[in-house]
Amino acid sequence: MHLNDKVVLITGASSGIGAATAGRFAAEGSKIAIVGRNEVNLRKVAEKCELMNANHKPLVIVADVTKDDDVKRIVNETLAHFGALDVLVNNAGILATGSIENTSLEQFDSIFNTNVRSVYHLTMLAVPHLVQSKGTIVNVSSVAGLRAFPGILAYTMSKATIDQFTAALALELAPKGIRVNAVNPGVIVTEIHRRAGMSEEAYVEFLEKAKVTHALGRPGEPEEVAESIVFLASDKSSFITGACLPIDGGRH
Ligand code: NDP
């Protein structure tokens, strides 16, 4: 994939898709900076990455992407440690259920601060460095960005925003040699629903009600998303920009 020694910054790397993505880049020989709030989990991910690639120790950055000072620190620490930035993976995100009738403005702001504003802020600070490296950006969106599902209104809106951000930013940055793409996962087995306060049963019920089903008849694994993130970050996808790639087991 020609990602050996490339500097890759991944948010939300303490679990799920981000952790799998960190492992996949480590296996490629990349220098990785992993971001999250949970230091214990981040250190575990870092240890796994080191087993895959003994040459590069991951840089662990404990930070909250909704805090402006933390976002500045994420970029500064990555640059200070590795001296460059080649790939930005905007993966950190939260799921929240709710309709127009029961999502408060505070809840709406919380979802948009994590899923949208932080992505804008981190990308804004990363772009000058990506210009120098002619780097790539991969945003982790959702199938909920591509089509509407009931019961996750603000989340759906946040991911649709990420898709348009991806498309518009790709146009802006193409002349500077930076490619910007998104992956749009379907249901992937991670902690995201538990973090949203849903039990296993409530999650299954929600998926049935929202008619989130996949042609392949199973949910995806984080590693199956990581593969596409690595591909979109690499030169193997050199003629792809502004794309939103569904990784959803086939629309059903
Ligand atoms: P997880 O809950 O397993 O991982 C979410 C990650 O985001 C964690 O590492 C968490 O780290 C981090 N995160 C959340 N909020 C913050 C914050 N304020 N600051 C820093 N880090 C934060 O979920 P997934 O792996 O499933 O989710 C990853 C992405 O994939 C999200 O953007 C999600 O919307 C998207 N997605 C997931 C799908 C699924 O079915 N799982 C489907 C479609 C899209 P920490 O707690 O350490 O801060």
Residues I32, I17: which one is near the ligand (Cβ under 9 Å from one of its atoms) and of a type outside the set (D, E)? I17
Within region 35-64, how many residues are within 15 Å of the ligand (Cβ to nearest atom) and in a helix (DSSP H, G or I)? 10
Among the candidates A182, A174, residue that is in contact with a Leu (Cβ under 9 Å, 6 or more places away or on another chain) and closer than 30 Å to F239 by Cα: A182
Search region 138-156 for residues that are over 26 Å from A126 (Cα atoms) and in contact (Cβ under 8 Å) with a residue 12 or more places away in the chain and pair each with any residue that is away from the ligand (no atom under 12 Å from the Cβ) and of a type in the set (S, T, Y) when their beta-carbon atoms are under 8 Å apart and the residues are at least 6 apart or on different chains. P150/S99; G151/T97; G151/S99; I152/T97; L153/S99; L153/T103; A154/T103
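On the given criteria, is F206 of a type in the set (A, V, I, L, M, F, W, C) and closer than 25 Å to P128 by Cβ?
no
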Look through region 112-159, keep the residues that are within 24 Å of G83 (Cβ to Cβ) and in a loop (DSSP other than H, G, I, E, B), and return whichever of them is farthest from the ligand (Cβ to nearest atom). K134
Examine region 30-48 for a residue that is touching a helix residue (DSSP H, G or I) at 6+ places or on another chain (Cβ under 8 Å), surrounded by 24 or more Cβ atoms within 10 Å (Cβ to Cβ) and among the basic types (K, R), and state whether such a residue exists. yes
Matching residues, region 209-252, being charged (D, E, K, R) and within 16 Å of the chain's Cα centre (by Cα): E221, E223, E224, E227, D248
I'm checking my understanding of the structure. Among residues of region 94-111 that are touching a residue at least 12 places away in the same chain (Cβ under 8 Å) and small (G, A, S), which one is surrounded by the most Cβ atoms within 10 Å (Cβ to Cβ)? A96
For the condition in a helix (DSSP H, G or I), more than 12 Å from the ligand (Cβ to nearest atom) and of a type outside the set (A, V, I, L, M, F, W, C), what is the one hit in E172, E224? E172
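Residue by residue, here is whether (1) in contact with a Gly (Cβ under 7 Å, 6 or more places away or on another chain); (2) surrounded by fewer than 20 Cβ atoms within 10 Å (Cβ to Cβ); (3) at pLDDT 95 or above; (4) among the aromatic types (F, W, Y) holds:
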| position | (1), (2), (3), (4) |
| --- | --- |
| F149 | no, yes, no, yes |
| T161 | no, yes, yes, no |
| T166 | yes, no, yes, no |
| L173 | no, no, yes, no |
| E201 | no, yes, no, no |
| V204 | no, yes, no, no |
| K209 | yes, yes, no, no |
| E221 | no, yes, yes, no |
| T241 | no, no, yes, no |
Using beta carbons and a limit of 8 Å, which pairs, at least six apart or on different chains, have the first residue in region 196-220 and under 16 Å from V143 (Cβ atoms) and the second one within 13 Å of the ligand (Cβ to nearest atom) and aromatic (F, W, Y)? A210/F149; K211/F149; V212/F149
Given the condition more than 30 Å from S30 (Cβ to Cβ) and modelled with pLDDT under 95, answer yes or no: does some residue in region 178-190 qualify? no
Please work out which residue is nearest to the ligand (Cβ to nearest atom), limiting yourself to region 65-100 and to residues that are acidic (D, E) and not in a loop (DSSP other than H, G, I, E, B). D70
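The values are calculated or read from the model by the stated rules, or taken from the named source; none is laboratory data. This is a predicted model, so every value here is computed, not measured. All Cβ positions, even for glycine, are placed from backbone atoms using ideal geometry, and neighbour counts span all protein chains on display.
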